[in-house]
Amino acid sequence: MSMEQKAGTRLIVKDVSKTFYQKKIEPHHVVDKVSLEVKDNEFLVLLGPGHCGKTVLLNIVSGLMPPDEGSVYLDGEKITKPNPKIGMVFQKLGLMPWKTVIENVEIGPKLSGINVKTRRERAEYFIDLVGLKGFENSYPHQLSGGMKQRVGIARAYTNDPEILIMDEPFGQLDAQTRYNMQNEISRISEHEKRTIIFVTNNIEEALYLGDRIILFTECPARVKEIYDIDLKRPRDMIDPEFLRLRKMISNNTDLAL
Ligand SMILES: Nc1ncnc2c1ncn2[C@@H]1O[C@H](COP(=O)(O)OP(=O)(O)O)[C@@H](O)[C@H]1O
Ligand SMILES: [Mg+2]
């Protein structure tokens, strides 16, 4: 089945719901009739409190989990299984400890059978772009948390997905490293335009990065509000307009995000 869509729209989530049924406990309704659109080359942020159903929604969007109701369409085609056009960066990166940085980064194109010269060039380009030049032959245990996150980002871009999903990628980093990585992802995404869906529970992070922010309710996740963010880049977290938007979004959430 396919679906008509507006020009410039890549992905459509239409009335998606999900409930988990487990023995001896009440059904757990985690995603409630979520509809949203993702535009070509936009940096879309999904902002919502912890455990509200963000990751479940992403799993549905990326075809890893079927919705109970509703559908997801990529370029008009219904998603029913994982699609190589969609790439993921997780908080837990799953870097292979016995492989070097460059071997970890080139794993995707290697599995797709891309020749060593081409995939090395691509991997080196993104390793350089994320600021890890010189660390190509290091092993993950020799890197800091922020550097490992950079490896995960380089790996995701090297796979060359058309839509890049980042699920709270900086959630486990200390405050200073997180701030640096927000700067980095802002710079990288300006340089290498992709359609990005970035999930966070942090309002500043959302405002620092997003072209649009979709605010979700507590569990079950429902779309509460959609904000277009027109602030110029790079953004300034203490700019009065940034602070005004921060307060406006904060006032619209039930929780201290
Ligand atoms: N496979 C599953 N089976 C049962 N419950 C699940 C499953 N996956 C997630 N949940 C529950 O759904 C809720 C939302 O989870 P999640 O989407 O991971 O939240 P978050 O917004 O923090 O990413 C949580 O209460 C979680 O325990
Ligand atoms: Mg999550």
| Computed over the Cα atoms of the range 60-202, what is the ratio Rg over Rh, Rh following Kirkwood? | 0.97
| said: For the range 164-201 and the range 20-48, what is the centre-to-centre distance using only Cα atoms, to the nearest Å? | reply: 20
| So how strong a dipole does the chain carry about its Cα centre when Lys and Arg Cβ are +1 and Asp and Glu Cβ are -1, to the nearest 20 debye? | 560
| query | P(r) tail for the range 91-159, what percent of Cα pairs lie past 17 Å? | reply | 30
| task | Averaging over all projection directions, find the projected area of the Cα convex hull of the range 147-230 and quote it in nm² with one decimal place. | result | 6.0
| task | Divide, for the chain, the radius of gyration over alpha carbons by 2.2 N^0.38 Å, where N is the residue count. | result | 1.02
| field | Nearest-10 value in Å² for the accessible area of Thr100, using the 1.4 Å probe | value | 10
| task | Could you tell me which of Ser71, Gln91, Val31 has its Cα farthest along the dipole of the range 1-112 towards the positive end, charges placed at Cβ (Lys, Arg +1; Asp, Glu -1), taken about the Cα centre? | result | Gln91
| field | the chain - share of DSSP beta bridges that are antiparallel (%, nearest 5) | value | 55
| request: May I have the pair-distance distribution P(r) for the range 9-65, computed from all Cα-Cα distances with 5 Å bins from 0 and rounded to whole percent? | output: 5, 15, 25, 26, 16, 7, 4, 2, 1
| Given the rule -39500 (n - 2.57) for each run of at least 4 DSSP H residues, summed and divided by the residues of the chain, what is its mean residue ellipticity at 222 nm, to the nearest 500 deg cm²/dmol? | -9500 deg cm²/dmol
| task | Count charges around Pro67 for me, please; just the other residues with Cβ under 12 Å from its Cβ, Lys/Arg as +1, Asp/Glu as -1. | result | 0
| message | What number do you get for the range 107-147 when its Cα radius of gyration is normalised by 2.2 N^0.38 Å, N = residues? | response | 1.26
| Within the range 30-109, which trypsin sites (Lys or Arg not before Pro) sit in a loop by DSSP and count at most 13 neighbouring Cβ atoms inside 10 Å? | Lys92
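The values are calculated or read from the model by the stated rules, or taken from the named source; none is laboratory data. Predicted model only: the values in this text are computed from it and were never measured. Positions of Cβ are generated from backbone atoms using ideal geometry, with glycine treated the same way; all protein chains shown enter the neighbour counts. Just so you know, the surface numbers come from the protein's heavy atoms only, side chains and all, with ligands and any DNA or RNA stripped out. Shrake-Rupley method; radii C 1.70, N 1.55, O 1.52, S 1.80 Å.
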